[in-house]
Amino acid sequence: MVSVSSASEISKRAKAFFQKIFPPDYFNNSTNNGNFMDASKLDVIKQFLRTEYDSIPEKERIGKGRLYITKIIGKTLYNFIKINCFNLSSKEKPNPEFIEAVKKSITIMAENPDTLRIAIQLAANLAMESFEDIIDQIQLWGTHENWEIREDTCHLIISGLKKSKDVTLNLLKQWAKAEDENIRRLVAESLRPRAEIKWLRDPDENNVVLEILTSLNHDTSIYVRKSVGNNLKDLTKYMPEKILNLIEDWLNKKEKLDAKGQQNLIWTIYHALRWLKAKKPEYHERIKEIVGENYLLYYNEKKNRRALPPQ
């Protein structure tokens, strides 16, 4: 028996719901200017969202919460508009009219906090086919006061990394220099080595990623450094030698930084080495060679934050 919370079942219910609130004649009367999403539709969409969330069994809520549901519904709505409104197949390249209609829908849905996360998922799907059209939205949501919205915004960049790799990476290089720490943090977090983008875990293909993380390794914001450290911690699972060589290079060049910059760099490095310390004792000697004896003091004696690399 298929679970009520399976992606296929949620998508099936979402498609039936959109067919009900957007009948064919509705499209015929309102798609000339692309404004087929309005406040009245938002009210019923909000109710549908609540119903879907309430239908998830309590024991599955942790893994299948609001993000899970909105990702499925957002993708279903995107394909529904494309197929039912613009008579395009799901694999056809979108035309300017379709792109404009989706962008208008995103704007309208984003104005309501209850449908904002669907708007983000609509934008993430549009990013797969036309990344340049959602760059402004990334910057807007990437600095949102709600941290959950900032987290969700990563999905737009992930879409770009999947389909517009070079364009997206060049943009992230620029944003790594942004004044707003939320944007810099968004850069580091979006580049985490997720399974859905295999080249992020490939030591032969992620040089640009490491270049960007290097530019953030002594960031003034702990919010940014923590993301950089977590990213590198994840990477040590797939390319420990490469990451250790990178850290050694950072330390060899630390004298170019002021005292505070060096302190921030050390914090990032220790944060990055957590997994190797916990899971891979065979690398401990190599790490001690790079970071010094105080590496163990930092971990084993109440995290001695005064520990420094060898002089």
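The helices (runs of 4 or more DSSP H) found wholly in region 247-311 and carrying at least 2 residues that are open to solvent by 50 Å² or more (accessible area, probe 1.4 Å) and at pLDDT 65 or above occupy 259-272, 274-279, 284-291. A search for C-beta distances below 7 Å between a residue of region 183-201 that is without any contact (Cβ under 8 Å) to a residue 40 or more places away in the chain and any residue that is assigned to a helix (DSSP H, G or I) and among the charged types (D, E, K, R), counting only pairs 6+ apart in sequence or on different chains, returns Ile197/Lys162. Taken over region 45-91, the criterion of being among the charged types (D, E, K, R), under 20 Å from Ser159 (Cα atoms) and modelled with pLDDT under 90 is satisfied by Arg66, Lys91. Residues in region 71-110 that are outside any helix (DSSP H, G or I) and polar (S, T, N, Q) were compared, and the one that is farthest from Lys20 (Cα to Cα) is Asn95. Taken as a whole, the structure leaves Arg184 outside the set of residues that are modelled with pLDDT of 95 or more, under 23 Å from Arg117 (Cα atoms), within 16 Å of the chain's Cα centre (by Cα) and in a loop (DSSP other than H, G, I, E, B).
Would you mind stating whether Tyr238 is modelled with pLDDT of 90 or more, among the aromatic types (Phe, Trp, Tyr) and loosely packed, with under 15 Cβ neighbours inside 10 Å? Criteria met by Tyr238. Among the conditions (1) surrounded by 18 or more Cβ atoms within 10 Å (Cβ to Cβ); (2) within 18 Å of Asn112 (Cα to Cα); (3) not hydroxyl-bearing (Ser, Thr, Tyr), the only one that Ile56 does not satisfy is (2).
Could we say that Ile212 is open to solvent by less than 10 Å² (accessible area, probe 1.4 Å), at pLDDT 95 or above and under 12 Å from the mean Cα position of the chain (by Cα) here? Judged against the criteria, Ile212 is not a match.
The values are calculated or read from the model by the stated rules, or taken from the named source; none is laboratory data. Computed from a predicted structure; not experimentally measured. With ideal geometry, Cβ positions are generated from the backbone for all residues, glycine too; neighbour counts draw on all protein chains shown. All accessible areas refer to the heavy atoms of the entire protein, side chains included, with ligands and DNA or RNA removed. Shrake-Rupley method; radii C 1.70, N 1.55, O 1.52, S 1.80 Å.
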